[in-house]
Structure formats: structure tokens, C-alpha cells
Amino acid sequence: MQIEFLGTGGAIATPVPGLMDSMNVKARTLGVPYSRYGPCLFVHGPDLLIDTPEEARLALDRADIAHVPNCIYSHWHPDHVLGRRIFELNRHWGVWPDEPYCTQVYLPQQVAIDARIYQGLYETLSFHQSKGLVRIHELHDGDTITLNDVMITPFRLTQDYAYGFVLAQHKTRALIVPDELFAWQPPSFIHGVDLAVIASGIFEVNPRTGLRRIPADHPIFESEATFAQTLQMVEQIQPRRVIFTHIEAVDMIDHDELQTLGRQLTAAGCYGEVTFAWDTLRVEC
Ligand SMILES: [Zn+2]
């Protein structure tokens with residue numbers, strides 16, 4: 001399988017309208033790898049899209065992915081679901097009569113419950129289903145999906161409205177945790193995965209200068225993992241390779257600085273090979 005990073009930004013993608021600091025100007029003028037769409041990735045092989053941020057349509061077009069055979073949601077938060085109108089593209093409105101493409105949409109157990117409460121997610125998907133554009137599959141915890149020889153196992157995080165995924169093909173295992181790592185204790189069954197794709201957490205300290213960026217008593221630390229905490233989780237998981245994603249614009253660290261940090265962490269030898277993702281990155285696993 002191959003993982004393609006369609007969008008590597010966080011809740012606030014990069015650039016942020018109106019901000020004129022060097023990171024945002026670079027993202028605006030140079031684009032990729034400095035700019036970041038909202039969080040989503042596509043796994044070639046199982047042909048699985050994980051999450052649909054606002055920029056999902058643009059991301060699919062940039063990646064030349066004409067149709068999405070399968071989609072799964074990690075949780076209901078707006079930055080992960082608000083691009084769900086992409087499924088309307090399954091109908092070619094200029095052709096009649098037509099046979100629309102149908103995307104299989106998988107909702108893990110709690111996501112299916114939350115979809116009926118938040119963001120109108122279930123209502124929109126049901127509308128698409130009534131038009132034949134998607135088919136909704138509600139999963140129970142413990143269920144697996146097998147797509148093109150890849151077994152996908154969703155599992156709950158400590159923030160138990162959110163899910164991570166293990167993708168297994170033969171002896172290869174990839175872990176994907178798109179977001180919400182706060183207070184997470186990585187379970188033993190993911191130890192030693194070949195690849196871990198994990199949300200980076202908040203950079204409360206600038207990794208280059210060592211200066212604190214966010215006051216320690218900021219309420220965000222009551223619900224979000226820091227990058228330092230995320231690194232401790234990676235140390236427990238012991239992956240062969242780790243790729244950090246869901247990189248917040250408000251953390252104000254640009255692509256070049258992150259690549260330097262990745263090399264330093266790789267050299268430290270505690271975390272496996274460390275990379276910070278950028279939009280369009282493709283990785284074999
Ligand atoms: Zn998010």
C-alpha cells in the first residue's frame with residue numbers, strides 16, 4: 001500500500017488569511033511544501049480516503065484521484081468532515097441518464113452516533129445515499145474491513161469519540177492516528193508497527209530556540225496533546241518509521257524547520273526514522 005498525504009494541516013490550515021508573518025507569506029507565495037490543506041490522506045491499495053476537510057475537493061484534484069471508492073471518518077470534528085460535499089462529484093451533472101459512482105462510507109461506532117448529533121454529518125451523508133452517491137456502513141467496535149487485501153481495524157483512542165486505524169497487509173502494518181491523542185496510552189497491539197502516521201500535537205515550545213510559545217496554564221493543554229507528549233507515545237510504540245501530520249498553522253513552524261527537526265530526532269535514535277509530512281508526500285509501506 002501507499003499512503004498519500006492529501007492535506008497535512010491541522011484545524012487551522014496554512015496559510016491563514018490575513019497573517020503576514022514569514023511562514024504564512026512563504027506558504028502563500030511558494031505553495032507546497034509550505035502550504036497545507038486540512039487533514040486527510042488517501043491510502044492507495046485499499047483506495048481509502050480518511051476524513052474530508054474543507055479542501056478535500058482541491059486535494060483530490062491535485063492528487064488526480066477521480067473517484068473515491070472508500071472513505072472512513074476518524075471523528076466528527078469540523079476540520080475532518082466539512083468537505084463531505086465531495087461525494088456530490090460522484091454524479092456527472094452534465095450527463096443524463098447517468099449511473100452515479102457510489103463511494104462506500106464507513107463510520108466507526110461512536111462516529112456514527114456523533115454524526116447524528118454534530119455538524120449535520122449523518123444528514124448530509126444520508127442525503128447523498130438517497131441519491132445513490134454513497135453507501136453508509138456503520139461499524140461496531142472490533143469490526144474490521146478488508147479492502148483489496150488490506151485489513152483495516154479502527155480502534156478508539158482515550159478521547160473515545162476519536163479513532164485510530166491499523167492497516168495490515170501480509171506482514172506489514174501501518175498505524176494512522178489522524179488527531180486527538182490527548183492522554184493516549186498506545187495499546188500493546190500497535191507496538192513495533194512498520195509505519196506510524198500520527199498527529200504532531202501542539203508545539204508549546206519552539207523546537208529550534210527552546211523558547212516557550214504558549215503559556216503552560218493555557219486551557220488548550222486540558223484537551224490537546226503537546227508535541228513532547230506525542231514523542232513519548234512514539235517512544236512507546238517503537239515504529240520503524242514515524243511521520244507526523246496534522247500540523248497547525250498557529251504553531252508557526254515552517255516546513256524547513258520541521259525537516260531539520262525530523263533529521264535531529266532520527267539521529268537521536270529513540271523514535272525510528274522521523275519525518276514531518278507535507279502535502280503531496282507519498283510513502284510506500
Ligand atoms: Zn483535527
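The values are calculated or read from the model by the stated rules, or taken from the named source; none is laboratory data. Predicted model, so just to flag it, every value in this text is computed and none were measured. In this analysis, Cβ positions are derived from the backbone assuming ideal geometry, glycine residues included, and neighbour counts consider all displayed protein chains. Areas reflect the complete protein model, heavy atoms only, side chains present, ligands, DNA and RNA absent. Shrake-Rupley method; radii C 1.70, N 1.55, O 1.52, S 1.80 Å.
A compact table of results
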quantity	calculated
Pick from segment 97-109, criterion part of a strand (DSSP E or B) and touching a Pro at 6+ places or on another chain (Cβ under 9 Å), ranking: nearest to the ligand (Cβ to nearest atom)	Tyr106
Selection within segment 9-48 - open to solvent by less than 30 Å² (accessible area, probe 1.4 Å) and polar (S, T, N, Q)	Thr14, Asn24, Ser35
Near pairs, Cβ below 6 angstrom, 6+ apart or cross-chain, from segment 143-167 (within 20 Å of Asp47 (Cβ to Cβ)) to any residue that is among the small types (Gly, Ala, Ser) and part of a loop (DSSP other than H, G, I, E, B)	Asn148/Gly45; Val150/Gly45; Tyr163/Ser74
Residue within segment 144-159 that is surrounded by 22 or more Cβ atoms within 10 Å (Cβ to Cβ) and in contact with a helix residue (DSSP H, G or I) (Cβ under 8 Å, 6 or more places away or on another chain) present	no
Of all residues in segment 225-267 being among the small types (Gly, Ala, Ser) and within 16 Å of the ligand (Cβ to nearest atom), the one that is surrounded by the fewest Cβ atoms within 10 Å (Cβ to Cβ)	Ala249
Those residues of segment 1-31 which are assigned to a loop (DSSP other than H, G, I, E, B), under 26 Å from Glu180 (Cβ atoms) and away from the ligand (no atom under 16 Å from the Cβ), in sequence order	Met1, Pro15, Pro17, Leu19
Matching residues in segment 55-96 - criterion: being part of a loop (DSSP other than H, G, I, E, B), touching a helix residue (DSSP H, G or I) at 6+ places or on another chain (Cβ under 8 Å) and within 22 Å of Gln110 (Cα to Cα)	Tyr73, Ser74, His75, Trp76, Gly83
Residues (within 30 Å of Gln169 (Cα to Cα) and surrounded by fewer than 18 Cβ atoms within 10 Å (Cβ to Cβ)) located in segment 111-128	Ile113
Members of segment 131-160 found to be in a loop (DSSP other than H, G, I, E, B) and of a type outside the set (A, V, I, L, M, F, W, C), listed by number	Lys131, Gly132, His140, Asp141, Gly142, Asp143, Thr144, Asn148, Asp149, Thr158, Gln159, Asp160
Residue pairs meeting the criteria (Cβ under 6 Å; at least 6 apart or on separate chains; first closer than 21 Å to Asn148 by Cβ, in segment 40-65; second open to solvent by 40 Å² or more (accessible area, probe 1.4 Å) and part of a loop (DSSP other than H, G, I, E, B))	Gly45/Asn148; Pro46/Asn148
Residue check for Leu6: under 21 Å from Cys285 (Cα atoms), open to solvent by less than 50 Å² (accessible area, probe 1.4 Å) and either touching a Phe, Trp or Tyr at 6+ places or on another chain (Cβ under 6 Å) or not hydrophobic (A, V, I, L, M, F, W, C) (or both)	yes
Any hit, segment 180-191, residues being over 29 Å from Gly45 (Cβ atoms) and without any contact (Cβ under 8 Å) to a residue 24 or more places away in the chain	no
Qualifying residues in segment 49-82 (those that are within 15 Å of the ligand (Cβ to nearest atom) and open to solvent by 10 Å² or more (accessible area, probe 1.4 Å)) - the one nearest to Gln129 (Cα to Cα)	Leu82
Members of segment 161-183 that are at pLDDT 95 or above, assigned to a loop (DSSP other than H, G, I, E, B) and either more than 16 Å from the ligand (Cβ to nearest atom) or open to solvent by 30 Å² or more (accessible area, probe 1.4 Å) (or both)	Tyr161, Phe182, Ala183
